[in-house]
Structure formats: C-alpha cells, structure tokens
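The structure appears below as structure tokens.
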Amino acid sequence: MVVVVDTVSAQPIRPRHPEKAARPDALSPKKPEWIRVRAPTSRGYADTRAIVKENGLVTVCEEAGCPNIGECWDKKHATFMIMGDTCTRACAFCNVKTGMPEALDLAEPDNVAEATFKLGLKHIVITSVDRDDLADGGAAHIAATIRAVRARCPTTTIEILTPDFLRKDGALETVVAAKPDVFNHNLETVPSRYLSVRPGARYFHSIRLLQRAKELDPSLFTKSGIMVGLGEERHEVLQVMDDLRSADVDFLTIGQYLQPSLKHHAVMRFVPPEEFAGYESVAYSKGFLMVSSSPMTRSSHHAGDNFTKLQAARAALSR
Ligand code: SF4
C-alpha cells in the first residue's frame with residue numbers, strides 16, 4: 001500500500017471564518033462621527049500586551065477586534081478568552097476564529113491567575129469560546145480558572161462570561177459552584193434575529209440559563225447584553241428587558257454592533273446616542289440594578305467600576 005503525503009499543502013493557509021468565505025459581501029452604512037476608535041499606542045497598552053503574550057494568553061479584546069482596546073489596555077483591563085482561540089459556533093456577528101479547536105491547555109487556569117496578579121486587577125473578566133466538542137462544554141476548565149484566580153488573587157472579584165452550555169447537562173452547576181462574583185451570559189440580540197445572527201443558540205435557553213444561575217446561587221450578580229443595529233425593532237428590545245427581568249438579571253449592557261468584515265452580518269443601522277440613553281432610562285424603570293447603554297458599550301467595558309456600582313445598588317436596595 002502506498003501512502004501519498006502532501007508535503008506542500010499539509011498546512012494550508014486557512015481562512016479565519018471558512019463557513020463565511022463563500023457569502024456575498026454585506027455592505028454596512030458609513031460609520032457616524034459618534035463611533036470613535038482610539039489607536040492603541042500608549043505605554044499602558046504595550047505593558048498589558050507584554051503580560052498577555054508572556055503568559056501565552058488569548059484575549060477577546062484582540063480576537064473580537066474590540067474598538068475599546070486602546071482605552072481598556074491602557075488601564076490594564078484585558079478580558080481573557082480561555083479554552084483556545086477557535087470557536088465551535090459560527091455566529092454571524094462574531095470575529096472569533098471558527099473551526100475545530102485544540103485540546104484544552106491544562107496550564108491555562110494558572111496562567112490566567114498569574115496574569116491577573118501581574119496586571120494587579122481588582123476585577124477580572126474571563127470569557128471563552130464555545131466548546132461544543134467537549135462533553136461538559138468546558139465547564140470544569142472554567143471552574144478551575146475561577147479557583148486558580150481566587151487562590152492567587154484572593155481580593156480580586158471575578159466575572160465570568162460563559163457560553164450557553166446548550167445540551168450540556170450539569171455544566172452550569174459546575175461553573176456556579178466555583179463561585180464567580182458575576183455570572184454573565186450575553187443574549188446578543190432579540191429573538192426574531194437569532195436565526196440570522198446567532199443560529200446555533202436558542203433565545204429561551206439563554207434566558208433560562210441566566211435565571212437558573214441566580215436560582216442556584218442568589219448571592220451572584222447576573223448580567224447580560226445585546227447589540228443593537230442588527231435589524232431589531234425598539235419594542236423587541238423592550239421585550240428582551242422584560243424577559244431578563246423575569247429571569248432576575250441584575251445588569252444589562254446595550255452596545256452598537258460593528259461589522260468585523262464584509263462577510264459578517266451587515267450593520268443595519270447606527271443607533272444614535274440619544275436612543276441608547278432612552279433604552280437606559282427604560283431599563284432602569286424596569287428594575288435593573290445597573291444598565292450600561294451607549295454606542296461603545298461592550299460587555300466587559302468598565303466592568304470593574306460597574307461591579308462596584310452594582311454592589312452599591314444591591315446594598316442600597318436592602319437598606
Ligand atoms: S471592552 Fe472588553 S473586550 Fe473590549 S477592550 Fe475593553 S475589556 Fe477588552
């Protein structure tokens with residue numbers, strides 16, 4: 001028997017989003033003046049980058065092409081993305097690489113803890129790719145990372161931004177038992193847009209995940225976010241607020257969707273700042289403890305300061 005080994009294209013250059021490569025280009029309107037992105041050039045940015053690279057870590061700030069990276073990294077606020085840089089889902093809005101991920105890095109929990117210590121973070125946000133290939137969706141690895149950070153940095157508060165653990169029984173319980181301070185899971189968009197924006201997910205499953213997290217540990221803060229500009233209607237955003245309040249979610253973030261490439265979902269509309277302010281007022285009136293709603297709001301933007309406000313809001317309620 002002869003085995004022919006292809007030594008030329010054994011490692012072909014692979015597109016970042018192979019499932020999107022054949023799609024027609026999706027054209028978005030020109031960015032308005034209120035969408036501002038600062039070039040990442042500061043000393044603080046360079047220091048943060050060096051610590052991230054030294055510890056071999058992946059950040060969602062880089063992978064998602066976040067427009068706030070210059071501001072956040074200047075203050076040493078980075079959001080670690082664990083379980084690799086390759087996601088098993090292929091959401092139409094997301095810039096994270098898609099495909100079959102590699103095995104988990106068992107040193108990663110300690111590396112995240114070490115980087116948290118070196119950055120001197122009072123509050124850390126840890127997110128991950130979706131790992132539908134793992135029996136527990138990566139829940140044990142997330143829990144191990146929470147415990148490692150807790151051991152290395154006992155005063156640092158921990159916010160975890162999780163996948164939806166669809167069809168992963170017991171995964172949520174594993175993560176909640178590790179006692180993060182904030183359990184965050186983003187809805188991303190209104191239910192009517194799921195099929196074209198987040199086809200691998202189920203809206204009511206995500207709502208139930210958030211509700212169940214709070215039921216399992218009522219001391220947790222729960223948090224969720226959506227992007228606007230994806231074709232949603234205002235009344236649908238208000239319905240999402242009601243659904244999240246029914247699930248006892250504490251903190252809502254709303255930000256403008258930005259298109260990572262022409263192969264991603266188009267921006268259907270740039271929502272003006274005053275509409276974001278309107279959403280914020282309505283959300284507070286519906287009972288959220290914290291709301292962040294602005295064009296540049298991202299789930300982890302100002303997460304540390306917002307966590308302090310969240311604690312104060314809950315304390316004020318119980319007085
Ligand atoms: S907003 Fe979040 S994802 Fe974006 S740079 Fe800041 S910490 Fe990173």
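Okay, here's what the table says:
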| quantity | calculated |
| --- | --- |
| Hz values of 3J(HN,Hα) by residue in the stretch 222-230 - Karplus curve (6.51, -1.76, 1.60), Gly and Pro given as x | 10, 8, 8, x, 10, 9, 10, x, 10 |
| Under 17 Å from Lys76, Cα to Cα: lysines that are on another chain or at least 8 residues apart | Lys53, Lys118, Lys122 |
| Whole-number percent relative contact order across the stretch 51-318, with pairs defined as alpha carbons under 8 Å at least 6 apart | 15 |
| Vicinal HN-Hα couplings computed from phi for the stretch 308-319 (Karplus, 6.51 cos²θ - 1.76 cosθ + 1.60; Hz; Gly/Pro x) | 4, 5, 4, 4, 5, 5, 5, 4, 5, 5, 8, 6 |
| Debye log10 I(q)/I(0) for the stretch 51-318, one point scatterer per Cα, at q = 0.08, 0.11 Å⁻¹ | -0.28, -0.56 |
| Taking the stretch 100-192 and dividing mean pair separation by its residue count, relative contact order in percent (alpha carbons under 8 Å, at least six apart) | 32 |
| Neighbour cut-off at most 14 other Cβ (10 Å), DSSP loop, GluC sites (Glu not before Pro), the stretch 247-319 | none |
| The chain, dipole about Cα centre (Lys/Arg Cβ +1, Asp/Glu Cβ -1), debye to the nearest 20 | 500 |
| HN-Hα J in Hz across the stretch 166-175 - Karplus 6.51, -1.76, 1.60, θ = phi - 60°, x for Gly and Pro | 5, 6, 10, 4, x, 5, 4, 4, 4, 5 |
| Cα-derived Rg to Rh of the stretch 25-105, Kirkwood definition | 1.03 |
| Segment Lys75-Glu233, extension gain: residue separation times 0.36 nm, minus the distance between their alpha carbons | 53.3 nm |
| Euclidean distance between Cα centres, the stretch 122-191 to the stretch 199-258, Å | 16 |
| Neighbour net charge for Ala144 - beta-carbon separation under 12 angstrom, K R +1, D E -1 | -2 |
| Alpha-carbon spread of the stretch 17-72, three principal axes, descending order, Å | 39, 32, 12 |
| Sites Arg202 and Lys179, calculated FRET efficiency, Cβ-Cβ separation with R0 22 Å, nearest 0.05 | 0.25 |
| Coil-residue chymotrypsin sites (Phe, Trp or Tyr not before Pro) of the stretch 216-319, DSSP, other Cβ within 10 Å capped at 12 | none |
| Kirkwood-Stokes translational diffusion coefficient of the stretch 133-235, alpha-carbon pairs, 25 °C, 0.890 mPa s, µm²/s | 168 |
| Net charge of neighbours whose Cβ lies under 11 Å from the Cβ of Pro199, counting Lys and Arg as +1 and Asp and Glu as -1 | +3 |
| Reachable lysines from Lys214, criterion Cα separation under 17 angstrom, eight or more residues apart if same chain | Lys179, Lys223 |
| Theoretical ellipticity at 222 nm over the chain - DSSP helices of four or more residues, -39500 (n - 2.57) apiece, nearest 500 | -10500 deg cm²/dmol |
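Taken together, the values in this text are just the output of simple stated rules run on the coordinates, not laboratory data. In this text the structure is predicted, and so the values were computed from the model without any measurement. Note that each Cβ is placed from the backbone with ideal geometry, even for glycine, and that neighbours are counted across all protein chains shown.
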